[in-house]
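Below is one structure, written out as structure tokens; the observations come after it.
Read-outs: derived from the displayed coordinates by stated rules, not from any lab. Treat the numbers as computed from the prediction; the structure is a model and nothing was measured. Glycine also receives a Cβ, built like all others from the backbone with ideal geometry; neighbour counts cover every protein chain displayed.
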Amino acid sequence: MSFSPLIRQLIDALRILPGVGQKTAQRMALQMLERDRSGALRLAHALNEAMERVGHCKRCRTLCEEELCPQCADPNRDDSLLCVVQAPMDVFAVDQTGFRGRYFVLKGHLSPLDGLGPEAIGVPELLARIAEGAFSEVILATNPTVEGEATAHYIAQLLIPKGLSVSRIAHGVPLGGELDLVDGGTLAHAFNGRKAITL
């Protein structure tokens, strides 16, 4: 089927979304044009507003439209804990666990092959944030990938000599999971991170 130029433009624009291929983009575009133009206009307005007004928190670098995000502006959070994550989405994920400390958002992970060194992901800004705070513990919550582990290790090497307590989030067997369904690498991490049972 051949679409008109404006419909093709809409389909191509929708394809920038993660997980949206050609067919899904076509269905979404036709749905909006045929059945929900008012919803599509609300979406266009929300996208425009977000693109113009959402920036980064000046303290933790997560996404927000104010100078400080809600987490940084909250005076009731624990100023002694700093959780370092790779992306703004991670802030929301960690916050859902009940964590009440402060955050710092890197811009990804170290990847020399992609030209992403310490400066590109914000390590100098992290060190400045730690220098201006009164943190007793820095929790490295980068992703449990090879790159995430390398990033956590690099940051830990910079922070431990400064006398800070540096910890890494545990990873291993998911709650409710069965051992025979867990991959060997995850199971090895679970064994290495085991804790003593105390009564």
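The table that follows gives values for the structure above.
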{"read-out": "Relative contact order of segment 1-156, defined on C-alpha pairs under 8 angstrom at six or more residues apart (%)", "value": "17 percent"}
{"read-out": "Label-point separation, Ala93 to Leu30 (7 Å along Cα→Cβ), nm", "value": "3.5 nm"}
{"read-out": "Point-charge dipole on Cβ atoms (K/R +1, D/E -1) for segment 56-169, about Cα centre, debye to 20", "value": "220 debye"}
{"read-out": "Fewest-first ranking of Met28, Met51, using other Cβ atoms within 10 Å as the exposure measure", "value": "Met51, Met28"}
{"read-out": "Cβ-based exposure ranking for Ser165, Ser4, in which fewest neighbours within 10 Å come first", "value": "Ser4, Ser165"}
{"read-out": "Cα-based Lys proximity count in the chain, under 28 Å, for pairs eight or more positions apart or on separate chains", "value": "4"}
{"read-out": "Simple Cβ-charge dipole of segment 5-53, Lys/Arg +1 and Asp/Glu -1, about Cα centre, in debye nearest 20", "value": "160 debye"}
{"read-out": "Span from the segment 59-73 Cα centroid across to the segment 3-51 one, whole angstrom", "value": "29 Å"}
{"read-out": "Debye intensity ratio I(q)/I(0), log10, segment 5-53, q values 0.14, 0.20 Å⁻¹ (C-alpha model)", "value": "-0.35, -0.70"}
{"read-out": "Least to most buried among Lys195, Lys58 (fewest other Cβ within 10 Å first)", "value": "Lys195, Lys58"}
{"read-out": "Residues whose placed amide H lies under 5 Å from that of Val173, excluding near-sequence neighbours", "value": "Ala190"}
{"read-out": "Residues Val173 and Asn48, FRET efficiency given R0 of 41 Å [Cβ-Cβ distance, rounded to 0.05]", "value": "0.40"}
{"read-out": "Convex hull projection area averaged over all views, segment 111-162, Cα basis, nm²", "value": "3.7 nm²"}
{"read-out": "Antiparallel content of DSSP bridges confined to segment 56-169, in %, to 5", "value": "15 percent"}
{"read-out": "Amide proton proximity set for Leu106, modelled H, under 5 Å, gap of 5+", "value": "Val85, Gln86, Ala87"}
{"read-out": "Convex hull volume per residue in cubic angstrom - Cα atoms of segment 37-125", "value": "139 Å³"}
{"read-out": "At R0 = 35 Å, FRET efficiency that the Cβ-Cβ distance of Leu158 and Glu65 yields, to 0.05", "value": "0.65"}
{"read-out": "Gained length - Asp12 relative to Ala40, 0.36 nm times residue gap less alpha-carbon distance", "value": "8.5 nm"}
{"read-out": "Segment Arg194-Gln22, extension gain: residue separation times 0.36 nm, minus the distance between their alpha carbons", "value": "57.4 nm"}
{"read-out": "Approximate spin-label separation Ala128-Arg77, in nm, with each point projected 7 Å along Cα-to-Cβ", "value": "1.9 nm"}
